[in-house]
Structure formats: structure tokens, C-alpha cells
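Report on the following structure.
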Amino acid sequence: MVVKQVLMYECSICKRQYKSMPDATGCLTKCQRIVAFRRKYPRVKDKDCDFANGAGWIQRDKAWYDQFCQDLENLIRQNHPKIFHEIKGITVNDGRMGRVLSDADYDEYEFWGRLLAICDKCYREWGQPYYAIHCHHDGSTDEGFSQKRTQKPEWIEPKAKKMNPSER
């Protein structure tokens, strides 16, 4: 038996390891895009899971919703162009997109799930897709929730490891 040295390259953001520098650099680029998306569209801090359990919503507008969809589709196109080549006519709002992102365990699935939690008629962002699907467009759902978040929501800071200037 012989012990041999193995050289691996690691993405400084997600900590995935690769055998080649180009693969690790590609991963770093994808991760940087994801971190930038998280910064542009931060999530609500959900103390005690109240928001996820339907206690309120955040009113968005059509322009914000359209921009979110467009930015998400661009992010997926940049990070995973094969999806759009292999599945003709797929869009970010398509259920097949969620299936592909979920099955491949892509990080973008988190954002696609958030897209589902936004009512596409009145643009209210709920804590989970169930409430967006059952939204009555007047701020209530089948469960009778009708509370708009009146306090300014706290936002979750994106988690990203600080990089050395030489890694940027």
C-alpha cells in the first residue's frame, strides 16, 4: 500500500472541492452570482416562524415581481444554460423548472420556492406557497389571515464568507 498526495481545489464560498482549477473557478463564479442575487432580494427574518405560518404578507408590485422573475431566469441561464437548451419553452414560472432545480439540488431552487410564495395576481409575498395559492387578493386566505406586515420587516443578511482581495 502506498500513500499518495492528492491536490484539490475548493470554492471559498460553498466549500465544494474539485480536482481541477477551472471547475473550482466556475463554481466560485456561480456562487458569486447567487450571493449577489441574495443581496438584491433578501429574505424576511422569520422570528418564531410567524411569517412562514401565514401571519402577514409583504406587498410587492408588478415591476418588482417582473424584475425578480427576470433576474431569477437570468441567474439560472447563466449558471445552468443546459436547462434551457434541453427543455424547449421552459420559463422560470414553469413547474418543470422547479423539478429540474430540485432534482439536481441546485442552490437556485431556494429562489424558485420564494417565487411560488408570491401571488401572481396581487403580488403579495407570503411566507410559503400555500398562502399565495389560496390568496383572496384582499390580504386574506382560506384560513382568514388578513394581517399586512405593518412593521418594517427585518431582512436576513446573505451568508457569504469574506474573500481575500486576491480571490475576487
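Nothing in this text is a laboratory measurement; each read-out follows from the coordinates by a stated rule. From a predicted model like this one, the values you see are computed outputs, not experimental measurements. All Cβ positions, even for glycine, are placed from backbone atoms using ideal geometry, and neighbour counts span all protein chains on display.
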**Message:** To the nearest 20 Debye, how big is the dipole of the stretch 1-84 about its Cα centre, given +1 on the beta carbon of each Lys and Arg and -1 on that of each Asp and Glu?
**Reply:** 320 debye
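Using the 10 angstrom Cβ neighbour count as an exposure proxy, how do 80, 85 rank, fewest first? Display every interim value, and only then the final one.
Values: 80 16, 85 9.
The order, fewest Cβ neighbours first, is 85, 80.
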**Prompt:** Can you sort 121, 30 by how many other beta carbons sit within 10 Å, fewest first?
**Reply:** 121, 30
